[in-house]
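Visitor: Questions regarding the structure given below will be posed in turn.
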Amino acid sequence: MEKQYLLKEGDFIKTFTKTQSEYLADYFKAKKLIDKKKGITKISKITGISVSRLNNWTRTNKKIPNALKCLIKTKNRGYFSIEMNSRQAESLAYLVGYNMGDGNIHRSLCNTWFYGHSEDFIEFDKLIKPFSVKGRIYVYKIHNGKMCISDNAFTHFMVALGCPIGDKTKSIFFIPKWILNTKKKSEIKRKFLQGLCDSELSNLKVIKRTRFAFQSLKFYSIKIEELVEEGKKYLNQIKDLMLEFRVATGETMVDRSYIRSRDNSKMVQLYFAVHSNYINLYNFISNIGFLYNKKRKNTTKKYLKKIKLLSQKELENIKKYKQGAIKRKKGLSAYKIAQKLKIPIHQAKNWFYRGTKPMFRYYLMD
């Protein structure tokens, strides 16, 4: 079977500016003629490249185009030989997901930033080590911080993999095709979602004054007013991906609008919620969950055992409801159904007399 690689050289070159790409094309054009021992003056006439630039390229590698230096560095690190189903590809899927959530690519494509809890970034160093780069961690509050990878080859690489450049609120971007095109419930998709959830999904929280109920987990995204529809499409892609892992979500909604003070842009906050019934929460924790966000990971671990137990009870209730519905069609009373299924009378009455049946659309079962 032919090997499938994560990235082609041509896709990487597309991350360069028009000027950088033209310089690169000129260099390759001239290099072919230089290798054929053509004279500099003749090459200049054929290609239209100045003699001074050609002299720089032939005398020393220090004056070759910066784009070529970046490309050579990328090749030497083996970025173009990463296979689709490798551990490295999974790590990159996580990093792309996190960066699309709470990260940033500098407009000059020299730095890649990640924002979050400073202790979590210790794990990031392990993720990025195979790519021959190291991050620098900055702590600017008690535990909040950021990690910066100051490397143009790695940053261009992240952009080629689908990370947006600059202000994400003013950018149109979607889930990269190399992630979407993997098989259903692939590890690539899981790692991408874990990166997004570690950076953007709210933490699990018990609702006060109720019997062990949880707030819905919410995923937020902000767009300028002109890009609201594109923002909704992006969130709907995430919802569809979660659905593959048996996690049900609500509709994409507008939360609020406001004027951003730094540039007077009208911003719109969008969100969707992960349903908080026990079955759905257990599906989320066991099928996706948080990976390196220690605070959220520890919270889910704290409640996992009880959520699992209650989800099993919910599943049993649904199973009994379906059995009871068949018996009801055959004419059995709620009392008879309750006896046969060994459930309380009031529960059978609620199901078959009052119409308070389980909300199946919120329960995704295998």
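Read-outs: derived from the displayed coordinates by stated rules, not from any lab. Computed from a predicted structure; not experimentally measured. Glycine also receives a Cβ, built like all others from the backbone with ideal geometry; neighbour counts cover every protein chain displayed.
Visitor: Could you work out the helix-only [θ] at 222 nm for the chain, with each DSSP H run of four or more residues adding -39,500 (n - 2.57) and the total divided by the number of residues, to the nearest 500 deg cm²/dmol?
Guide: So the calculated ellipticity at 222 nm is -15500 deg cm²/dmol.
Visitor: Once label points are set 7 Å from the Cα along Cα→Cβ at both T299 and K141, what is their separation, rounded to one decimal in nm?
Guide: 1.4
Visitor: Once the other residues with Cβ under 11 Å from the Cβ of Y278 are scored (Lys, Arg +1; Asp, Glu -1), what is the net sum?
Guide: +2
Visitor: Quick check on packing: order 285-295, 34-44 by the mean number of other C-beta atoms within 10 Å, highest mean leading.
Guide: 285-295, 34-44
Visitor: From the phi of every residue in the range 36-50, what ³J(HN,Hα) in whole Hz does the Karplus formula 6.51 cos²θ - 1.76 cosθ + 1.60 yield, where θ is phi - 60° and glycine or proline is x?
Guide: 8, 6, 6, x, 4, 4, 5, 4, 4, 5, 5, 9, x, 8, 5
Visitor: Which of (1) 24.1; (2) 26.4; (3) 23.1 is the computed Kirkwood radius over Cα pairs in Å for the structure on display?
Guide: Read-out taken from this structure: (1).
Visitor: Next question, about the same structure. Excluding I172 itself, what net charge comes from residues whose Cβ is under 13 Å from its Cβ, given Lys and Arg +1 and Asp and Glu -1?
Guide: Cβ neighbours under 13 Å give a net charge of +1.
Visitor: Determine ³J(HN,Hα), in whole Hz, for all residues of the range 111-119 in sequence, where each value follows from phi through the Karplus function 6.51 cos²θ - 1.76 cosθ + 1.60 and θ = phi - 60°; x replaces Gly and Pro.
Guide: Each residue's phi maps through the Karplus curve to give 10, 10, 10, 10, 10, x, 7, 4, 5 Hz.
Visitor: Taking the Cα centre of the chain as the origin and placing charges on Cβ (Lys, Arg +1; Asp, Glu -1), which of H275, G97, I72 is farthest toward the positive end of the dipole?
Guide: Value computed over the given set: H275.
Visitor: Among the listed pairs K37/K75; K141/K294; K191/K239, which have their C-alpha atoms separated by more than 19 angstrom in this model?
Guide: Correct reply: K37/K75.
Visitor: Under a Cβ-Cβ cut-off of 12 Å, what is the net charge of the residues other than E316 that fall near it, where Lys and Arg count +1 and Asp and Glu count -1?
Guide: +4
Visitor: Further question: Please turn the phi angles of the range 196-209 into ³J(HN,Hα) values with the Karplus equation 6.51 cos²θ - 1.76 cosθ + 1.60 (θ = phi - 60°), one per residue in order, whole Hz, x for glycine and proline.
Guide: Those phi angles translate into 4, 5, 4, 8, 10, 6, 5, 7, 5, 9, 6, 6, 5, 6 Hz.
Visitor: Under 1.5 on a/c is rounded, so check that first for the range 119-214, then, if it is not, pick prolate when a/b is larger than b/c and oblate when it is not; a ≥ b ≥ c are the square roots of the alpha carbon gyration tensor eigenvalues.
Guide: oblate
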